[in-house]
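Engineer: One structure follows; several queries about it will come next.
The values are calculated or read from the model by the stated rules, or taken from the named source; none is laboratory data. The structure displayed is predicted, hence computed values, not measured ones. In this analysis, Cβ positions are derived from the backbone assuming ideal geometry, glycine residues included, and neighbour counts consider all displayed protein chains. Note: accessible area is taken over every heavy atom of the protein model, side chains too, but ligands, DNA and RNA are not part of it. Shrake-Rupley method; radii C 1.70, N 1.55, O 1.52, S 1.80 Å.
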Amino acid sequence: MKQIYPPSITAERESFAAGGSVLDHSFGEGDPYTLGVEEEYMLLDSKTFDLVQHIDTFLAAVAGHELEAQMKAELMQSVLEIATPVCRTPADVDQELRKLREYVTSVAAEKSLRVGSAGTHPFSLFESQRITARDRYRSLVDQMQYVARRELIFGLHIHVAVDDPEKAIQVVNGLLVELPVLLALSASSPFWRGEPTGLSSTRQMVFAAFPRSGPPPRFRDYEDYAEVVGQLEKTGCIADYTHIWWDIRPHPKLGTVEVRICDAVTRVEHAVALAAYCQALVKLYCERFDSGEEIPSFHRILTTENKWLAARYGLEAPLMDLVTGRRNRVPVPQLVRRRLKELEPHARELGSESELEGIQDILSKGNGADRQLRVFNANRDVTEVVREIADATEAAAVPA
């Protein structure tokens, strides 16, 4: 298989920051529907379960290891980002994520640390976090001030390869209606600063303060997208398109559609299920494009209203059924099960049927926010919530 992007998605992002035309792209240079996944982990004190500022210590410990290139720092010194290599199937994603989680867990244990994956840390304060000593992050804080300093959040990003730039733009347009469901399935941030917020995804509300975030506008075609990005670059508003943090975006240099709306999820099988779901959705919309079928468009106010409902209520969100045009609202599980039926033949062709079953597991057992709130409601102990996050994150490192 010809790779469409280097072994580490993160390394490619860093190298592209040096420059390049936004019209340059890698769409079609490799097999369609290959996958790449990024996860952001919390570095935790093994006794207090508070965040610790030990990213440099951690990265020094992995120096020289074969997985070193797949790990990097993020804005805060308490965050570790990992990236899989190119994966053909969700089963490959499962294998790579388990390998990474196992190694990260073992290195953390050697340094008396724990690791956790969720959309927010339930009680740590952003005021206590140190900014990572990298020019990119110092510049970000200098530009955005309080907005950047408050960004103590953790995400799951899923890349799916598409073989044509025009197709990629239309797939992004089509997936706008799917984003609220993806948020509801992944929501795992019901706490902020030690308090339950009443939201399933507090992460979304924190990140909404960032410029160039939220759902992207609908672009006519790839040239339309390139012109907008080029204007932002030429005027110095952004260094390159990776400073556009939409919920979903084309990634020209990687030749992928990147789904960014998901909270970081605790259980590895759920991260894999979400990757399988995104892959099948991209295939569905690609084939609609190829057949000349019109990809429906919905007003931004409608899709953003559904996103708000998903962030607030999670799996219990009563979403507008925009696809059928019915006037009633329906719960997320009903929309997901209907979509899963449509995705069955695509999942079968992609070889991802078993991994996609993890979506049903989320529907039946709850998302990360539901599980955290169950733990909290038992004893009203927010530290116990973080301990459970760490235990489930590290247990997921065990091979399936």
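Engineer: If I filter region 317-339 down to residues being in contact (Cβ under 8 Å) with a residue 40 or more places away in the chain and assigned to a loop (DSSP other than H, G, I, E, B), which single residue comes out as nearest to VAL272 (Cα to Cα)?
Structural biologist: Looking at residues that are in contact (Cβ under 8 Å) with a residue 40 or more places away in the chain and assigned to a loop (DSSP other than H, G, I, E, B), I get ALA317.
Engineer: Let me ask something else about it. Take region 267-305 and flag every residue that is among the basic types (Lys, Arg) and open to solvent by 70 Å² or more (accessible area, probe 1.4 Å).
Structural biologist: Within region 267-305, ARG267, ARG300 qualify.
Let's see how each residue does on (1) at negative phi; (2) within 20 Å of the chain's Cα centre (by Cα):
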| residue | (1), (2) |
| --- | --- |
| GLY194 | no, no |
| SER201 | yes, yes |
| GLY214 | no, yes |
| PHE219 | yes, no |
| TYR225 | yes, no |
| GLY230 | yes, no |
| LYS234 | yes, no |
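Engineer: Give ASP94, ASP50, ASP24 a once-over and let me know the one that is over 21 Å from HIS157 (Cα atoms), surrounded by 16 or more Cβ atoms within 10 Å (Cβ to Cβ) and in contact (Cβ under 8 Å) with a residue 40 or more places away in the chain.
Structural biologist: ASP50
Engineer: State all residues of region 168-205 that are in contact with a Phe, Trp or Tyr (Cβ under 6 Å, 6 or more places away or on another chain) and either at pLDDT below 95 or among the aliphatic types (A, V, I, L, M) (or both); if no residue qualifies, say none.
Structural biologist: ALA168, ILE169, VAL171, VAL177
Engineer: Something else: Only one residue in ARG380, ARG329 is within 27 Å of GLY198 (Cβ to Cβ), out of contact with any Ser or Thr (no Cβ under 6 Å at 6 or more places or on another chain) and modelled with pLDDT under 95. Which one?
Structural biologist: ARG329
Engineer: Name the residues in region 204-244 that are in contact with a strand residue (DSSP E or B) (Cβ under 7 Å, 6 or more places away or on another chain) and without any contact (Cβ under 8 Å) to a residue 12 or more places away in the chain, would you?
Structural biologist: ALA208
Engineer: Right, something else. What number goes with the only condition from (1) in a loop (DSSP other than H, G, I, E, B); (2) open to solvent by 10 Å² or more (accessible area, probe 1.4 Å) that LEU232 does not pass?
Structural biologist: If we test LEU232 against (1) in a loop (DSSP other than H, G, I, E, B); (2) open to solvent by 10 Å² or more (accessible area, probe 1.4 Å), just (1) comes out false.
Engineer: Turning to a different aspect of this structure: Collect the residues in region 27-47 that are of a type in the set (Asp, Glu) and open to solvent by 20 Å² or more (accessible area, probe 1.4 Å), keeping them in residue-number order.
Structural biologist: Within region 27-47, GLU29, ASP31, GLU40, ASP45 meet the criteria.
Engineer: OK, next. Being open to solvent by less than 70 Å² (accessible area, probe 1.4 Å), more than 26 Å from SER117 (Cα to Cα) and in contact (Cβ under 8 Å) with a residue 24 or more places away in the chain is the filter here, so list the residues in region 345-377 that pass it.
Structural biologist: Selection gives HIS346, ALA347, LEU350, GLY351.
Engineer: Can you name the residue in region 68-91 that is of a type in the set (Gly, Ala, Ser) and open to solvent by 30 Å² or more (accessible area, probe 1.4 Å) and is also nearest to ALA273 (Cα to Cα) among such residues?
Structural biologist: Once the filter is applied, the top-ranked residue is ALA91.
Engineer: I've got another one for you. Among the numbered criteria (1) within 13 Å of the chain's Cα centre (by Cα); (2) part of a helix (DSSP H, G or I); (3) not hydrophobic (A, V, I, L, M, F, W, C), which single criterion is violated by GLN170?
Structural biologist: Result: GLN170 passes all but (1).
Engineer: Counting just the residues of region 107-148 that are in contact (Cβ under 8 Å) with a residue 60 or more places away in the chain and among the polar types (S, T, N, Q), which one comes out farthest from GLU355 (Cα to Cα)?
Structural biologist: Residue satisfying both the conditions and the ranking: SER128.
Engineer: Among the residues of region 294-303, which ones are part of a helix (DSSP H, G or I) and in contact with a helix residue (DSSP H, G or I) (Cβ under 9 Å, 6 or more places away or on another chain)?
Structural biologist: The answer is ARG300, LEU302, THR303.
Engineer: Here is a list of conditions, (1) at pLDDT 95 or above; (2) open to solvent by 20 Å² or more (accessible area, probe 1.4 Å), and HIS159 meets all of them except one; can you say which number that is?
Structural biologist: Against the list (1) at pLDDT 95 or above; (2) open to solvent by 20 Å² or more (accessible area, probe 1.4 Å), HIS159 comes up short only on (2).
Engineer: Further question on the same structure: Limited to region 202-229, what total is found for residues that are surrounded by 18 or more Cβ atoms within 10 Å (Cβ to Cβ) and in a helix (DSSP H, G or I)?
Structural biologist: 9
Engineer: Right, something else. Can you tell me which residue in region 187-201 is nearest to LEU140 (Cα to Cα), limited to those that are open to solvent by 10 Å² or more (accessible area, probe 1.4 Å) and not in a loop (DSSP other than H, G, I, E, B)?
Structural biologist: TRP192
Engineer: Out of region 107-128, which residues are of a type in the set (Gly, Ala, Ser) and open to solvent by 50 Å² or more (accessible area, probe 1.4 Å)?
Structural biologist: ALA109, SER112, SER128
Engineer: Only one of these is part of a helix (DSSP H, G or I), free of Cβ contacts under 8 Å to residues at least 60 places away in the same chain and not hydroxyl-bearing (Ser, Thr, Tyr): GLU342, GLU394. Name it.
Structural biologist: Testing whether each residue is part of a helix (DSSP H, G or I), free of Cβ contacts under 8 Å to residues at least 60 places away in the same chain and not hydroxyl-bearing (Ser, Thr, Tyr) leaves just GLU342.
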